[in-house]
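Data first, discussion second: the structure below is written as structure tokens.
Just so it is clear, none of the values below were taken in a lab; they were calculated from the coordinates. The structure presented is a predicted model; accordingly, all values stated were derived computationally and were not measured. Please note: Cβ atoms are built from the backbone with ideal geometry, for glycine as well, and neighbour counts cover all protein chains shown.
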Amino acid sequence: MPNTIIVGTQWGDEGKGKVVDFLTEHRDVVVRAQGGANAGHTVYNNGQKYVLHLMPSGMLWPGKPCVLGNGVVIDPLGFLKEIDDLEAKGIPVTAEQLKISNAAHVVFPHHRGLDQAREQRRGKGKLGTTGRGIGPAYGDKIDRSGIRVSDLIRPDRLKAKFEARHARLGSQLDGFDLPSVEETLESYAKAGERLAPHVTNTVAYLHHALKEGKQLLFEGAQGAYLDIDHGTYPFVTSSNTTAGGACTGSGVAPSRIDEIIGVCKAYTTRVGAGPCVTENAEFSDRLHGMGREFGATTGRKRRCGWLDLVMLRFTTMVNGLTSVAITNLDGLDGIDTVKLCVAYELDGERLQLPPIDAEDWERCTPIYEEMPGWSEDITAAKTVDDLPANARAYLDRIAADIETPVGIISVGPDRQQTIVV
Ligand code: IMP
């Protein structure tokens, strides 16, 4: 069984949590290597709904080791709430099962404050962040003024570093309702004490696991077009959401990776601002009317559109996908004619790949190819042969375009509603 990276190929919310949950049975350790509580993974298991933000979805498998790598940013208070919620649902979170990197960076209240203040200041040009302090926390990391989990669990160091950081805020957050320095230190030190049994050198832990022949599953958060380098900058998150980020964010080298699965919705969605060439109001209304496509973290309505092959071609390259998992195929049930965006038009030119600048992306118009849809409800399909011929043709068209096989098809939210090709 291989070491596998799972990445989102679009703007997040592709259903990675479900694919990770499904594959976890066949892997030994689940790793999250980037992002923070901006992510929202919804997983249905035995009729119970779980919304996880920072917690790897592997935690829903009894005893399966899960790792938060050095590349994630952790809001300890929010994360403890996630732990408490899981435990309240009968899922114990033990120090054996959950390991947290001592080198991961900590999200503080001032990061959330700065995130929200900067969004307010951007006015109409706002990015639509989740307001969880992700950008400012990664900002401190890159600026080399961040505070890490190894500091969080040592109250003296935490105090010295936090007071120094806080002093440098100046008047940036005047008027913002933030807890006092003393309150923050007290609650964070307590959180550090609770999390301490989980904290370790996760690079060494993962290498030891590899040496023992254990198989790793890297659970990507967000999607390729939210990548700080390869996404629709500046309408992106602040981490590397593409496959390379799994390696830097965990300390597991690229040479150890065998398989990279790109998770792709059968159509396109995005939350937050920024370009979305195939966005379509009628299609969005249809999905929202079905009770689908509301953000798991913020509850916001997602913007929806037809599948964009221009985007998918580029993410296939950047991530080096070995296969794709097509999710939410059932969201297209009952549509007479489905559309696929096969190219963009920009200033009279036909583009096969997306432009680099968000300004140019915004000006692109989609060039569509139409395919006949299917009227059947596919949510009970167990094999590819159970799918209507038109649904199979749709999947074949996607795979041919990106020269990458479809390995998994998801036809509903439950673990059972998954077809392995
Ligand atoms: P941030 O990550 O909160 O800084 O937000 C930056 C952009 O990434 C915004 O457009 C968010 O809506 C988007 N974003 C962050 N996390 C997710 C996610 O898990 N799913 C979808 N969009 C996300």
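Measuring how big the chain is from its alpha-carbon positions, Rg and Dmax come out at 21.3, 65 Å.
Just flag the GluC sites (Glu not before Pro) in segment 144-202 sitting in loop per DSSP whose Cβ has no more than 15 other Cβ atoms within 10 Å. Kindly include the intermediate steps, with their values, before the conclusion.
Numbers: sites: Glu163, Glu182, Glu183, Glu186, Glu193; in loops: none.
For GluC sites (Glu not before Pro) across segment 144-202 that sit outside H, G, I, E and B with at most 15 neighbouring Cβ atoms in 10 Å, the list is empty.
Subtracting the Cα-Cα distance from 0.36 nm times the residue separation, let me have the gained length for Ala281 to Gln48 in nm, one decimal.
My answer for the length gained is 80.7 nm.
With each label modelled as a point 7 angstrom along the Cα→C-beta vector, the Glu370-Leu77 pair spans 5.4 nm.
Using only helices, what value at 222 nm comes out for the chain when you add -39,500 (n - 2.57) per DSSP H run of length 4 or more and divide by the total residues, to the nearest 500 deg cm²/dmol? Walk me through the numbers on the way to the answer.
Working: 13 runs with 133 residues, N = 421.
Computed ellipticity for the chain at 222 nm equals -9500 deg cm²/dmol.
Test of understanding: what is the full-extension gain from Lys159 to His207, defined as 0.36 nm times their sequence separation minus their Cα-Cα distance? All intermediate terms of the calculation are to be shown ahead of the outcome.
Working: separation 48, 0.36 × 48 = 17.28 nm, distance 3.24 nm.
My answer for the length gained is 14.0 nm.
Within the listed set Ala243, Ala189, Ala39, the Gaussian network model of the chain (springs between alpha-carbon atoms below 10 Å) gives the highest mean-square fluctuation for Ala189.
Order of Lys382, Lys339 from fewest to most other C-beta atoms within 10 Å?
Values: Lys382 12, Lys339 19.
So the residues, fewest neighbours to most, are Lys382, Lys339.
Counted residue by residue at 0.36 nm each, then reduced by the alpha carbon distance between them, the extension gain from Glu362 to Asn390 reaches 6.9 nm. Dipole orientation for the chain: of the candidates Gly133, Leu312, His198, His198 has the Cα lying most toward the positive pole (charges on Cβ; Lys, Arg +1; Asp, Glu -1). Taking label positions 7 Å along the Cα-Cβ direction at both Glu193 and Arg350, the computed distance is 6.8 nm, reported to one decimal.
For segment 105-195, the fraction of alpha-carbon pairs lying more than 22 Å apart is 25 percent, rounded to a whole number. Evaluated over the Cα positions of segment 23-84, the convex hull gives a direction-averaged projected area, one quarter of its surface, of 4.3 nm².
In the elastic network of the chain, a GNM with C-alpha springs shorter than 10 Å, the most mobile of Ser101, Ser145, Ser410 is Ser145. In loop segments of segment 196-269 as defined by DSSP, the GluC sites (Glu not before Pro) with at most 10 further C-beta atoms inside 10 Å of their C-beta are Glu212.
Only the Cβ atoms of Lys and Arg (+1) and of Asp and Glu (-1) were treated as charged; on that basis the dipole of the chain about its Cα centre amounts to roughly 1240 debye. Between Gln416 and Asp229, the simple label model (points 7 Å from Cα in the Cβ direction) yields a spacing of 4.3 nm.
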